[in-house]
Amino acid sequence: MMIPYGKHEISKEDKEAILEVLESNFLTQGPKVPEFEKLLADKVGAKFAVAVNSATSALHIACLSIGLKAGDRLWTTPISFVASANCGLYCGAKVEFVDIDPLTNNICVKALEKKLSEAKAANALPKIVVAVHFSGFSCDMKQLFALSQKYAFEIIEDASHALGGLYYDEYIGCCHYSTVTVFSLHPVKIITTGEGGIAITNNKNIEQKMRLYAGHGITRDPKMMVGTPDGPWHYEQVELGYNYRMTDIQAALGISQSQRLDQFVAKRNELATNYDKMLDGFPVTLPAADKKVYSSRHLYVLRLNLEEIKVTRLETFNYLRKHGVGVAVHYIPITHHPFFAQMGYDNTYLPEADRFYQQAITLPLFPSMTDHQQNTVVNTLRDALSAAG
Ligand SMILES: *Cc1c(COP(=O)(O)O)cnc(C)c1O
């Protein structure tokens with residue numbers, strides 16, 4: 001059987017939590033969603049959380065609430081899942097990409113600074129920069145924050161990979177350096193609600209707007225209404241919103257999974273440290289390490305030192321898959337996708353992203369991974385890399 005690259009873990013308590021909701025009066029819009037929101041906001045040390053049906057939705061309502069619209073710009077990294085960019089397009093904004101730093105594979109602060117100073121001269125500054133904590137390894141938020149002050153843009157942290165990770169000993173999501181942080185709760189991510197996402201902020205106004213956009217643009221709060229209520233039944237649609245709600249069934253699973261968040265991340269770190277040791281001397285570049293960052297280790301991404309080996313990435317990938325190791329590639333640069341290419345994006349100004357894409361391979365890593373499975377992965381990789389091309 002194939003060792004998967006990622007795998008969720010469901011406990012007896014998780015199942016009981018879901019059954020309890022199924023037997024209650026509310027499958028959705030009951031008490032579990034607010035309980036989950038408070039739990040996660042408290043956990044990461046922020047004021048507000050808005051739980052929705054995906055991180056993609058969370059990114060969308062974050063952009064809308066910041067006021068992103070046609071004519072505006074959103075910048076992000078090309079090495080991410082497409083949702084990090086699509087949220088800008090949903091709002092009619094122009095999306096632009098900034099190359100990555102080859103050490104962290106996150107958005108490159110130097111490249112960003114250069115692009116900002118050019119954009120300032122051209123009157124083409126972004127309204128939003130989406131900072132993606134690739135693989136769970138935090139971007140250098142202090143530096144990004146300093147640039148956001150200098151050039152007057154808002155930061156959204158796409159922390160889909162990074163729940164439970166730390167930056168300078170604070171949980172990702174505390175929003176000390178951003179307006180909104182978004183987490184994904186898809187089954188391959190750190191904890192899951194089946195599908196799901198959550199947007200975190202310390203800004204009350206942004207929180208209220210995100211709630212509005214996630215619920216059809218409808219308010220029942222007289223203070224947010226344009227007119228005076230006709231009666232106690234009254235509600236008003238004051239914006240064009242969406243149905244992005246999370247169900248109580250999902251929230252109950254999220255609450256139950258949250259109890260094991262630190263445990264999951266500790267286990268992921270233990271496995272990643274094992275990989276680091278076992279792969280010592282292999283013709284590969286290991287994931288970055290940095291004292292100020294405690295990665296959630298969502299993905300264990302290697303770069304193959306192609307000039308030292310006789311095989312290509314494709315051959316390495318196929319060999320591993322053929323021998324039961326479910327490797328993956330994260331990510332195809334967003335600009336490579338036909339939808340983006342047809343819009344005129346090319347990758348010639350993103351050389352580090354392209355270099356990364358030639359070399360990257362993601363090894364299996366998930367909390368229930370056994371020593372035996374990890375040994376199998378490493379031994380199979382050794383065979384793959386020494387196989388004659
Ligand atoms: C998974 C992921 C998303 C989208 O998450 P969904 O919850 O599936 O919508 C967005 N950005 C990144 C970086 C992701 O990895």
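List of remarks:
- Kirkwood Rh and Cα Rg combined as Rg over Rh, evaluated for the chain: 0.99
- Highest-fluctuation residue, Gly326, Gly196, Gly164 considered, GNM on the chain with Cα pairs under 10 Å: Gly326
- Share of Cα-Cα pairs in the stretch 334-388 lying beyond 17 Å, as whole percent: 60 percent
- DSSP beta bridges fully contained in the chain are about 65 percent antiparallel.
- The stretch 263-360 - convex hull of alpha carbons, volume per residue in Å³: 157 Å³
- For the chain, built as a Gaussian network whose Cα springs stay under 10 Å, the top-fluctuating residue of Pro78, Pro232, Pro126: Pro232
- Using every pair of distinct Cα positions in the stretch 1-137, the Kirkwood expression returns a hydrodynamic radius of 18.0 angstrom.
- Using θ = phi - 60° and Karplus 6.51 cos²θ - 1.76 cosθ + 1.60, couplings along the stretch 38-44 (whole Hz; Gly, Pro as x): 5, 4, 6, 4, 4, 4, 8
- Cα long-axis angle, helix 109-121 against the chain (0 to 90 degrees, to the nearest 10): 50 degrees
- Unit charges at the beta carbon, dipole of the stretch 38-112: most positive-side option, Ser84, Thr104, Thr56: Thr56
- Electrostatic dipole magnitude of the chain [Cβ: Lys, Arg +1; Asp, Glu -1; Cα centre; debye, to 20]: 380 debye
- In percent, rounded to a whole number, the relative contact order of the stretch 15-139 is 21, using alpha-carbon pairs under 8 Å and six or more apart.
- Where N is the number of residues in the stretch 158-202, Cα Rg divided by 2.2 N^0.38 Å: 1.11
- Helix axis angle, 12-22 relative to the chain longest principal axis, alpha carbon, degrees: 30 degrees
- Cα lying deepest toward the dipole's positive end in the stretch 187-345, options Asn274, Tyr213, Gly227, charges on Cβ: Asn274
- With contacts taken as Cα pairs under 8 Å and at least 6 residues apart, the chain reaches a relative contact order of 22 percent.
- In whole angstrom, the stretch 1-61 maps to an equivalent ellipsoid with semi-axes of 23, 20, 13, each derived as √(5λ) from the alpha carbon gyration tensor and ordered largest first.
- Residues considered: Leu350, Leu271, Leu306. Largest GNM mean-square fluctuation over the chain, using C-alpha springs under 10 Å, is found at Leu306.
- Ranking of Trp233, Trp75 by count of other Cβ atoms within 10 Å, fewest first: Trp233, Trp75
- Taken about its Cα centre, the stretch 1-102 carries a charge dipole of about 300 debye when Lys and Arg each add +1 at the Cβ and Asp and Glu each add -1 at the Cβ.
Throughout, read-outs are computed from the coordinates displayed, never taken from laboratory work. All values derive from a computational prediction rather than experimental measurement. Cβ sites come from the backbone with ideal geometry, for glycine too, and all protein chains shown count toward neighbours.
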